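Inspection log for the structure reproduced underneath, given as structure tokens.
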Amino acid sequence: MDLPELENIPVAGIPDIFYSTDSKEPFKECMICSTPLYEGAIDYIIEKAFRNYRGSNVRDVVYEFAMCHECMQKLYETYSEQSRKRLEEFLLNNTNLSSRRERLIEKEVFEINDWVGTCAVTGKPMDECETFQISGQFFGSLMAYTYIPWMISDEAADQMVALLSTETLGDIDDFYNKYIDLTSDFGKFFSKKKKPVPLF
């Protein structure tokens, strides 16, 4: 998506919501190539998906990963040209990430819930989603406040999946089959529906 290049990007410590669920610590390496992330000068993405259990305050992580920028770019390039174009047009037409960032960046103290508490596409609150995905950009031990972090709701994710070609859906299935434990709650929950699009 064609967004203005940012200068003087603010950074801060990594919020707990982006920590590894298993270790309760920041992710240490790229899920695909095992490049060290936390101690190095590496640009990377963390994505986590959650499931809310309605009628209770219970929330589970259904999958999570950290991926260096190089691996992320290689994976995105496996998507068909048609799928990439449709996703970019969808986000361009349904979000205003520049104005959103301008509004959030004015605050002297960054609260992560201001950035991920509502869907960047639909405005749906996190607590009202059955499932949702969050994504952020990181550099070593710091989070960078670029056009993300953001949250994508279940409704927006379904709309995005519907835009993808059969070829790209197959690529996404291959990604999850190789890197995500499909015997987990994630695999059970998404066994009868299309899996969400990784938020690169």
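The set of residues from the stretch 21-41 being within 23 Å of Lys74 (Cβ to Cβ) and hydroxyl-bearing (Ser, Thr, Tyr) comprises Ser34, Thr35, Tyr38. Looking across Ser80, Ser99, Ser34, one residue alone is over 19 Å from Phe132 (Cα atoms), more than 18 Å from the chain's Cα centre (by Cα), surrounded by 12 or more Cβ atoms within 10 Å (Cβ to Cβ) and of a type in the set (S, T, N, Q). It is Ser80. Residues that are in contact (Cβ under 8 Å) with a residue 24 or more places away in the chain and of a type in the set (Phe, Trp, Tyr) were ranked within the stretch 37-61; the one that is surrounded by the most Cβ atoms within 10 Å (Cβ to Cβ) is Tyr44.
A search for C-beta distances below 7 Å between a residue of the stretch 150-168 that is over 13 Å from Lys85 (Cβ atoms) and any residue that is part of a loop (DSSP other than H, G, I, E, B) and among the acidic types (Asp, Glu), counting only pairs 6+ apart in sequence or on different chains, returns Asp154/Glu130.
Selection of the stretch 62-77 for residues being of a type outside the set (D, E, K, R), surrounded by 13 or more Cβ atoms within 10 Å (Cβ to Cβ) and at pLDDT 90 or above yields Phe65, Ala66, Met67, Cys68, His69, Cys71, Met72. Take Leu104 and tell me if it is out of contact with any strand residue (DSSP E or B) (no Cβ under 7 Å at 6 or more places or on another chain), open to solvent by less than 10 Å² (accessible area, probe 1.4 Å), within 30 Å of Ala41 (Cβ to Cβ) and of a type in the set (A, V, I, L, M, F, W, C). Answer is yes for this residue.
Under the condition of being buried (at least 17 other Cβ atoms within 10 Å of the Cβ) and either closer than 16 Å to Lys124 by Cβ or in contact with a strand residue (DSSP E or B) (Cβ under 9 Å, 6 or more places away or on another chain) (or both), the residues counted in the stretch 162-179 number 1.
Residues in the stretch 1-20 that are among the hydroxyl-bearing types (Ser, Thr, Tyr) and open to solvent by 50 Å² or more (accessible area, probe 1.4 Å): Tyr19 only. Of the residues making up the stretch 125-160, those that are aliphatic (A, V, I, L, M) and open to solvent by less than 30 Å² (accessible area, probe 1.4 Å) are Met126, Ile134, Met143, Ala144, Ile148, Met151, Ile152, Ala156, Ala157, Met160.
The values are calculated or read from the model by the stated rules, or taken from the named source; none is laboratory data. Since the structure is predicted, the reported quantities are computational estimates derived from the model, not experimental observations. Virtual Cβ from ideal backbone geometry, glycine too; neighbours counted across all protein chains shown. With ligands, DNA and RNA removed, areas are computed over all heavy atoms of the protein, side chains included. Shrake-Rupley method; radii C 1.70, N 1.55, O 1.52, S 1.80 Å.
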